[in-house]
Amino acid sequence: MSARDPRLDDPGADDPAAEDDGIPGNRDAHGHRLRHARGLSLVARSAPLVVAGELAPMVAALVAMPAIVRGFGAERLGLLQLAWVLIGYFALFDLGLGRATTRMVAVRSAHGRSAEIPPLVVSTVAALFALGVASAAILTALTPWLVDHAFRVPSELRDEARVALYVLGATVPVVVVTAALRGVLEARQRFGALAGIRIGLGLASFLGPLSTLPFTSSLVPVMVVLAVARVIALFAHLAFCRDVLHGAALDWRLLPELVRYGGWLTVSNVVSPLLVLLDRFMIGAIVSVEAVAYYATPLEVVQRVGVVPTAVGMVLFPAIAATAASDDERRRELLAAGLRLGPIAAFPLLFLLSAWTPELLRLWLGPEFASHGTAVVRCVAIGLLFNAVAAGPIFFLQASGRPDLPAKFHLVEFAGYVPLLAWLTARYGVVGAASAWSMRVAVDAALLVLAANAAEPVPRDARKRLFISFAAGLSALCAIPLLLSDAMKIIASIVAVLGMPLAAMRWLSTPRERAWVRQAIG
């Protein structure tokens, strides 16, 4: 076996963009130099890895979904969509300990307290396993009610749906424990390893159901395949974290700090997924399970665009946490980078998907999905642009030790969103549900931006430029229905993909970032 390249353990080695900001103990638990690159260089190096890991499921969906639609039918597909939603929700129901682990590992690595990291990780894993078992018991107990009363499941599919949800519930401990290990890898900026695992899991999420179709159209084998994929992903995380797990002992004294920080994250982790996913359940309860398929299937693709600004925030989170008490200038620069780079990167994708939605849906899933889904996709795309603005501030607030602010905003939004969603869904169907979601996201983005700017004010001129750029992008998305011919769409798409991002980067980026881009190109 060849000698191991030390750059695999120190991804910042030999990287001219990586800077030492003078933080004490600027090394991780094993002596590897932490990366403290400035905003754009840090994002440019790591965010593409996160995006690659998240876009793999979209590519798999594009390939597999037409066959899944034909093989399972609209009703089973609706149930499968709800199953994906449930497992995604329970993955976030971890008392906030996953994100808390990321912050605490990053802070301890940056400040010379690396000896606390192994017992911290082991204690977190043990606590989350117990929480996962309790969550699995809750889902198992709720399954009969969900199938028989909450959703309009056809009588001939109810037994199959119950068994499928029981299998799904058994994977909850696995998913919750994986969240803590993922937090460790994020803190150590091992985004390459995370991308590899995410790609495999994303492919399994869509190709797994496809692999069962030659044998049966039942959802039970699908749930078994998905459960096996989650177990494999857990062991992959364990392999990359073995150095901080080997020989470490439990230390329950570290948990109170985790729980204190994660308490407000728990509120966000419980409420935020409901805010994002409640529309599926509301459609299933008010309209039909079949309508869930027409609504959620195209959204599985368009909402993947949200991974671009999320990737920016995920990369910036440990860097902000590591400098929370030592470098106000750099924190301000990282916040500004999150505000700029997320929307700039997301806008071209949102414009293309919105402009060509009818053609893409007709080619991908057929005219019926195009008829039901075009207005939904275009409405949600507007909300996703607001979401791109919000990604930087929410990660900034959480990394800066203020997870309570996003949580409080989510509680306030939930109180208004539920009745609005119910009313618009009952009145306008799937388009009403999409409209309610985008309205809620716009309010959320405004609150988060105001809170982040109050904590670390961005210069007034930069705020003005950001607002004008966002208003231009929002106006372009709203004007898409006015593009009545293919020629107009082609011209507008070229401008959106090439012109607007280049203009925004030139107008919004800092001199240091422009110099870094020139150096990188050279």
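None of the figures in this text is laboratory data; all of them are computed from the coordinates on show. These figures come from a predicted structure and were not determined experimentally. As a convention, Cβ positions derive from the backbone with ideal geometry for all residues, glycine included, and neighbour counts pool all protein chains shown.
Selection among 298, 194, 69 by position relative to the dipole of segment 35-521 gives 194 as farthest towards the positive end (Cβ unit charges, Cα centre).
Sequence-ordered 3J(HN,Hα) estimates for segment 274-280 from the Karplus curve with 6.51, -1.76 and 1.60 and θ = phi - 60° stand at 5, 5, 7, 10, 4, 4, 4 Hz, glycine and proline given as x. Does segment 325-375 come out rounded, prolate or oblate by the C-alpha gyration tensor, with a ≥ b ≥ c the root eigenvalues, rounded set by a/c under 1.5 and, if not, prolate when a/b is larger than b/c and oblate if not? Taking the square roots of the gyration eigenvalues as a ≥ b ≥ c, segment 325-375 is prolate. Counted by neighbouring Cβ atoms within 10 Å, the residues 329, 186 run from fewest to most as 329, 186.
Sorting 486, 444, 404 by the number of Cβ atoms found within 10 Å of their own Cβ, with the fewest placed first, yields 486, 404, 444.
Label point of residue 231 set 7 angstrom out along Cα-Cβ; within segment 140-182, amide nitrogens under 16 Å from it belong to 166-178. Coupling constants for segment 62-68 follow from the phi torsions by the Karplus curve (6.51 cos²θ - 1.76 cosθ + 1.60, θ = phi - 60°), and in residue order they are 4, 7, 8, 4, x, 5, 5 Hz; glycine and proline get x.
Dipole magnitude for segment 35-521: about 1280 debye, using +1 per Lys or Arg Cβ and -1 per Asp or Glu Cβ, origin at the Cα centre. Counting neighbouring beta carbons within 10 Å and listing from fewest to most, the residues 275, 484, 213, 226 come out as 484, 213, 275, 226.
Extension gain for residue 152-residue 464 works out to 107.4 nm (0.36 nm per residue, less the C-alpha to C-alpha distance). Rg and Dmax of segment 95-187, based on Cα coordinates, read 18.0, 61 Å. For segment 412-472, the pair-distance distribution built from all alpha carbon pairs, in bins 5 Å wide starting at 0, is 4, 16, 19, 18, 13, 12, 10, 6, 2 percent.
Estimated from the Cβ-Cβ distance and a Förster radius of 56 angstrom, the FRET efficiency linking residue 245 and residue 162 is about 0.95.
With R₀ set to 30 Å, the beta-carbon distance separating residue 446 from residue 371 gives a calculated FRET efficiency near 0.35. Comparing Cα centroids, segment 169-211 and segment 338-365 end up 25 angstrom apart. Here each label is just a point 7 Å from Cα along the line to Cβ, and for residue 70 and residue 286 those points are 3.5 nm apart. If you take the charge dipole of segment 347-420 about its Cα centre, with +1 on Lys and Arg Cβ and -1 on Asp and Glu Cβ, which of 365, 409, 349 is farthest toward its positive end? Towards the positive end, the residue furthest out is 409.
Pull out a ≥ b ≥ c, the square roots of the eigenvalues of the alpha-carbon gyration tensor of segment 35-521, then state rounded if a/c is under 1.5, prolate if not and a/b is larger than b/c, and oblate in the remaining case. Oblate shape, in that a/c is at least 1.5 and b/c is the bigger or equal ratio.
Here r is the Cβ-Cβ distance between residue 363 and residue 478 and R0 is 30 Å; the resulting FRET efficiency, rounded to 0.05, is 0.75. Each of residue 415 and residue 142 was given a label point 7 Å from its Cα along the Cα-to-Cβ line. The distance between the two points is 2.3 nm. Annotation: amide H of residue 251 within the under-5 Å range of 123, sequence separation 5 or more or interchain, hydrogens built in the peptide plane.
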